[in-house]
Amino acid sequence: MTSTVLVAGATGDLGHRVVRELLGHDVRVRALTRPGSTSAADRFGDHPQVDVVVAGYDDHEALTRAVAGSDVVVSTVSGTRPVIVDAQRALLAATVAAGVPRFIPSDYSADYRRITPGTNRNFELRREFAADVDAAPVQATSVLTGMFTDLLTGEAPMILSGRRLVLFWSSADQVLDFTTKDDVARVTALVALDDDAPRVIEMAGDQVSARDVARTVSELTGTRFRLQWAGTTGTLAAMSSVGRRLAKDPDETFPAWQGMQYFVSMFSGQAQLRHVDNGRYGAHEWTSVRDVLGANLAAASARTAS
């Protein structure tokens, strides 16, 4: 029997990857879009497996009609409180009202459940919404996959290529969990099709330390990258607090101070995945940190050569 999967945030960076993975299976995908937006229709409108449905998160009746008849609602929305808490609460309420049996919240992160209050805004928003999910009469599954490996090539200031340094806080041997966006999308699609999925699934494309990263980038470049202690996670947490207080836009999704908070959660070990089950859906060749860094270096060399 063909499953129907509704994807919220279907045109986003992760959402369109999830849709792409789902389309490799015998499913119908509903791409939820807001009124007035043409992005979903432009991207998926002609695909025979995709139905574009329109509803605003502030319109409970329309949202309930949009999700009705789905077998699972997959949220891939990204943002701060207005999205992660408010919009997802509306989506969850519509899911329950429509009698949809399963819901996958937009987590796709390191383990936010054990972090110290006040140390990571984005994780705490996920933890706050998780309480709503746990209280709802729906079978939910959170997908925890660590940090997006893709961020190591630019947005996450851990590898300083110009100075040939790899930064770490507190310990260079703390295990860090990484998964590429494509692997996260693949896992999410498989979870959406798994009626027996548990409340939480943990998977990691790679688990490495800062010491491992320094060794890897040194081998890939043929140039020694040194480890650089950048302070303790406590110091980094204090710096992020100052940055947050001085921020002009408190609702920015990924400001520099939020990146600091993410590294605090990772290098402290609080957000480390402790029940990784990469074999749940069979053998798969995961994309490693080495793969991502190597591809980025190759692309940079090709651009220089041209």
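Solvent exposure of the range 182-254, expressed per residue, is 52 Å² of accessible area, with all protein chains present and a 1.4 angstrom probe. Here's the picture: charge each Lys and Arg Cβ at +1 and each Asp and Glu Cβ at -1 in the chain, and of A230, S78, N120 the one pushed furthest to the positive end of that dipole is A230. A full extension of the chain between E285 and T153 corresponds to an added length of 45.5 nm, given 0.36 nm per residue minus the alpha carbon distance.
If R0 is taken as 25 Å, the Cβ-Cβ distance between W229 and A256 corresponds to a FRET efficiency of 0.80.
Within the range 50-66, whose backbone N sits under 20 Å from a point 7 Å along Cα→Cβ of A97? Taking a point 7 Å out along Cα→Cβ of A97, the residues of the range 50-66 whose backbone N falls under 20 Å are 53-66. Applying 0.36 nm per residue to the separation of D195 and A247 and subtracting their alpha-carbon distance, the gain on full extension is 14.4 nm.
Residue separation of E219 and E61 scaled by 0.36 nm, minus their Cα-Cα distance, works out to 51.2 nm of gained length.
Name the residue from A8, M158, A66 whose Cα lies farthest towards the positive end of the charge dipole of the chain, charges +1 on Cβ of Lys and Arg and -1 on Cβ of Asp and Glu. Positive-most Cα among the choices belongs to M158.
For GluC sites (Glu not before Pro), the sites in the range 203-306 that DSSP calls loop and that have at most 16 other Cβ atoms within 10 Å are E252, E285. In terms of overall dimensions, the range 23-90 has a Cα radius of gyration and Dmax of 12.4, 35 angstrom. Secondary-structure-derived ellipticity at 222 nm for the chain, considering helices only, amounts to -11500 deg cm²/dmol, per-run term -39500 (n - 2.57) for DSSP H runs with n ≥ 4. Working ranking of peptides 35-45, 270-280 by packing, defined as the average number of other Cβ atoms within 10 Å per residue, highest first, is 270-280, 35-45. When the solvent-accessible area of the range 217-279 is split by element, carbon and sulfur atoms take up 54 percent of it, the probe being 1.4 Å.
Assuming charge only on the beta carbon of Lys and Arg (+1) and of Asp and Glu (-1), the dipole of the chain about its Cα centre is about 1040 debye to the nearest 20. Largest GNM mean-square fluctuation among W169, W257, W286, using the chain with Cα springs under 10 Å: W286.
Gyration tensor analysis over the Cα atoms of the range 1-145 returns equivalent ellipsoid semi-axes of 24, 16, 15 Å (largest first, whole Å). A Förster radius of 30 Å, combined with the Cβ-Cβ distance separating A136 from S37, puts the computed FRET efficiency at roughly 0.65. Label separation (R211 vs R113): 2.9 nm, computed from points 7 Å beyond Cα along the C-beta direction.
The values are calculated or read from the model by the stated rules, or taken from the named source; none is laboratory data. The shown structure was predicted, so the numbers you read here are calculated from the model rather than taken from an experiment. All Cβ positions, glycine included, derive from the backbone under ideal geometry; neighbour counts span all protein chains shown. Calculation scope for accessible area: heavy atoms of the full protein, side chains included, ligands and nucleic acids excluded. Shrake-Rupley method; radii C 1.70, N 1.55, O 1.52, S 1.80 Å.
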